[in-house]
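Worksheet: the structure to be examined is printed underneath.
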Amino acid sequence: MSLGVSPQRLAEAENGEVREQDFVETVRTSLPYAYDLIARLAVELRSGTAGFADNRTPPPFEKERGQLLRALSSDAIRGSLERHFGIALAFQNCHRVAAFRPEARGGETHTRFTSLSAQILNQSPEFRDC
């Protein structure tokens with residue numbers, strides 16, 4: 001299961017009344033590694049002048065890798081985190097996540113990061129089963 005959902009959140013979802021801030025809090029408590037990593041990238045992006053901030057460090061354990069994969073593979077989770085932190089996320093492999101300024105989406109740097117060539121160049125044998 002991706003998220004630990006409280007009975008209250010479940011009842012809200014059944015009525016179609018989930019507030020995004022409550023959803024993000026559910027993500028934060030359910031997927032703390034993914035949430036904290038994306039939060040750190042958002043801070044790095046805002047505090048620097050680089051076109052993006054990215055993570056190249058593999059998660060310490062498979063549990064954390066699973067959290068990251070679940071967060072980035074869900075449109076709802078990924079979109080909520082992007083809106084919450086005011087960033088655009090890009091993902092290359094089982095741990096290389098990048099945060100871009102939203103207006104950079106589709107620009108030269110973002111397009112290069114998300115290109116087919118960049119994906120191929122960012123591979124190595126240890127990523128085969130991640």
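The values are calculated or read from the model by the stated rules, or taken from the named source; none is laboratory data. What you are looking at is a predicted structure, and each value in this text was computed from that prediction instead of being measured. Using ideal geometry, Cβ is built from the backbone for each residue, glycine included, and neighbour counts are taken over all protein chains shown. For accessibility, only protein heavy atoms count, side chains too; no ligands or nucleic acids. Shrake-Rupley method; radii C 1.70, N 1.55, O 1.52, S 1.80 Å.
Name every residue in segment 92-110 that is open to solvent by 70 Å² or more (accessible area, probe 1.4 Å), at pLDDT below 95 and not basic (Lys, Arg), in order of residue number.
Listed by number, the list holds a single entry, Glu108.
Spot the failing condition for Leu89; the list is (1) at pLDDT 95 or above; (2) open to solvent by 30 Å² or more (accessible area, probe 1.4 Å); (3) in contact with a Lys or Arg (Cβ under 9 Å, 6 or more places away or on another chain), and only one is missed.
So Leu89 meets the others, but not (2).
Enumerate the pairs (first residue in segment 82-99 and free of Cβ contacts under 8 Å to residues at least 40 places away in the same chain and under 11 Å from Phe113 (Cα atoms); second residue anywhere and aromatic (Phe, Trp, Tyr) and open to solvent by 10 Å² or more (accessible area, probe 1.4 Å)) with beta-carbon separation below 8 Å, excluding pairs fewer than 6 apart on the same chain, so at least 6 apart or on different chains.
Here the result reads Ala90/Phe52; Ala90/Phe113; Gln92/Phe113, each pair linking segment 82-99 to a residue that is aromatic (Phe, Trp, Tyr) and open to solvent by 10 Å² or more (accessible area, probe 1.4 Å).
Could you list, in sequence order, the residues of segment 33-86 that are open to solvent by 40 Å² or more (accessible area, probe 1.4 Å), of a type in the set (S, T, N, Q) and under 13 Å from Ala98 (Cα atoms)?
Thr57
Going residue by residue through segment 2-24, is there one that turns out to be under 18 Å from Arg70 (Cβ atoms), touching a Ser or Thr at 6+ places or on another chain (Cβ under 7 Å) and of a type in the set (Ser, Thr, Tyr)?
Scanning segment 2-24, I find at least one residue that is under 18 Å from Arg70 (Cβ atoms), touching a Ser or Thr at 6+ places or on another chain (Cβ under 7 Å) and of a type in the set (Ser, Thr, Tyr), so the answer is yes.
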